[in-house]
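Remarks on the structure that follows.
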Amino acid sequence: MLIIGELLNSTRKQIRTAVEDRDAAYIQDLARRQAAAGANWIDVNAGAFAADEVEKLRWMIATIREVCDAPLAIDSPRAAAVEAGLAMAGPDPFLNSITAERDRYRTLIPFLLKHRARVVALSLDDAGMTDDMDKVFAVADGLIKRLEDDGVPPDHIFVDPLIRPVSTNGEYGMGALGVIERITTSHPTVHKTCGLSNVSYGLPKRKLVNQVFVAMAIARGLDSAIIDPLDPRMMATILAAEALAGKDQFCVNYISAERDGRLEGMG
């Protein structure tokens with residue numbers, strides 16, 4: 001499972017405050033801990049600061065780079081921030097995200113190609129969100145093909161079917177799982193990811209819902225997630241689900257985690 005650590009997001013109150021106060025130690029600690037916990041990329045988002053997002057994003061990246069060399073995912077809807085962030089991100093950069101919306105795609109694709117970045121490809125076009133899962137798949141399928149035609153390698157594409165809260169529609173969970181499975185079958189070398197916590201919005205015991213959903217999604221082909229890597233039960237659930245889904249040959253990763261103490265208290 002390829003993990004995108006979600007914690008350095010300025011929409012979170014603690015992060016917004018730390019950035020406003022230039023609390024480098026707080027930002028650096030979260031970056032180091034996420035990397036140590038197994039994050040393959042650390043998501044960096046300064047989008048809460050609309051007036052000076054570029055300056056805040058540059059500060060966050062420079063601050064992280066003083067103590068941590070983990071690859072970074074640049075998370076912004078604004079072209080100027082994407083351009084500035086990818087320029088500073090370093091090796092194996094990630095763009096979070098691009099869509100099939102005409103203007104957004106046209107604006108961001110040059111930066112994606114210039115920096116040879118990986119990319120979260122959201123299944124969203126100019127028609128907006130839909131409850132029709134055939135449409136969700138069709139948009140994702142078309143976006144994959146367009147990215148490939150423009151020169152993005154398939155294994156740099158991480159499709160996100162836009163997980164939505166099951167509290168608002170009981171069909172959203174299984175619908176998203178079906179889209180993940182169809183993408184896995186149609187595009188076997190393309191990754192599947194998601195902002196996992198969306199599925200539990202509005203529910204009690206959200207972590208429980210998230211853990212069960214990630215296990216179900218791994219069985220359908222999910223091989224990446226935007227999550228909190230400091231949640232030990234979530235990380236343990238991923239390890240167990242991959243072993244059960246045949247994605248951990250001889251359960252090597254699962255057994256190694258037990259030996260390292262990462263499954264402590266999970267029995």
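The values are calculated or read from the model by the stated rules, or taken from the named source; none is laboratory data. For clarity, every value in this text was computed on a predicted model and none was experimentally measured. Cβ atoms come from the backbone with ideal geometry, glycine included; neighbour counts cover every protein chain shown. Note: areas computed on protein heavy atoms with side chains; ligands, DNA, RNA excluded. Shrake-Rupley method; radii C 1.70, N 1.55, O 1.52, S 1.80 Å.
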* Looking at (1) in contact with a helix residue (DSSP H, G or I) (Cβ under 8 Å, 6 or more places away or on another chain); (2) open to solvent by less than 10 Å² (accessible area, probe 1.4 Å), can you tell me which one PRO165 breaks? -> (2)
* What pairs can you find where one residue is in region 13-38 and touching a residue at least 60 places away in the same chain (Cβ under 8 Å) and closer than 16 Å to ALA73 by Cβ, the other is open to solvent by less than 60 Å² (accessible area, probe 1.4 Å) and part of a helix (DSSP H, G or I), and their Cβ atoms are less than 8 Å apart, with a gap of 6+ or different chains? -> ALA37/MET235; GLY38/MET235
* Among the residues of region 225-234, is there at least one that is small (Gly, Ala, Ser) and farther than 24 Å from LEU30 by Cβ? -> no
* Asked: With ALA215, ALA257, ALA225, ALA176 as the choices, which residue is open to solvent by 10 Å² or more (accessible area, probe 1.4 Å) and either assigned to a loop (DSSP other than H, G, I, E, B) or among the small types (Gly, Ala, Ser) (or both)?
  -> ALA215
* Structure fact -> Pairs returned, first residue in region 173-193 that is without any contact (Cβ under 8 Å) to a residue 60 or more places away in the chain, second residue that is β-branched (Val, Ile, Thr) and part of a helix (DSSP H, G or I), beta-carbon separation under 6 angstrom, 6 or more apart or interchain, are VAL179/VAL136; HIS187/ILE144; VAL190/ILE144; LYS192/ILE180; LYS192/ILE183
* Asked: Are any of the residues in region 180-187 assigned to a strand (DSSP E or B) and either crowded, with 16+ Cβ neighbours inside 10 Å or touching a Phe, Trp or Tyr at 6+ places or on another chain (Cβ under 9 Å) (or both)?
  -> no
* Structure fact -> Scanning region 128-142 for residues that are within 22 Å of LEU113 (Cα to Cα) and in contact with a helix residue (DSSP H, G or I) (Cβ under 8 Å, 6 or more places away or on another chain) gives ALA140, ASP141
* Asked: Restricting the first residue to region 51-78 and requiring it to be closer than 16 Å to ARG32 by Cα and in contact (Cβ under 8 Å) with a residue 24 or more places away in the chain, which pairs with a second residue that is open to solvent by 70 Å² or more (accessible area, probe 1.4 Å) and in a loop (DSSP other than H, G, I, E, B) meet a Cβ separation below 7 Å and a spacing of at least six or different chains?
  -> PRO71/PRO91
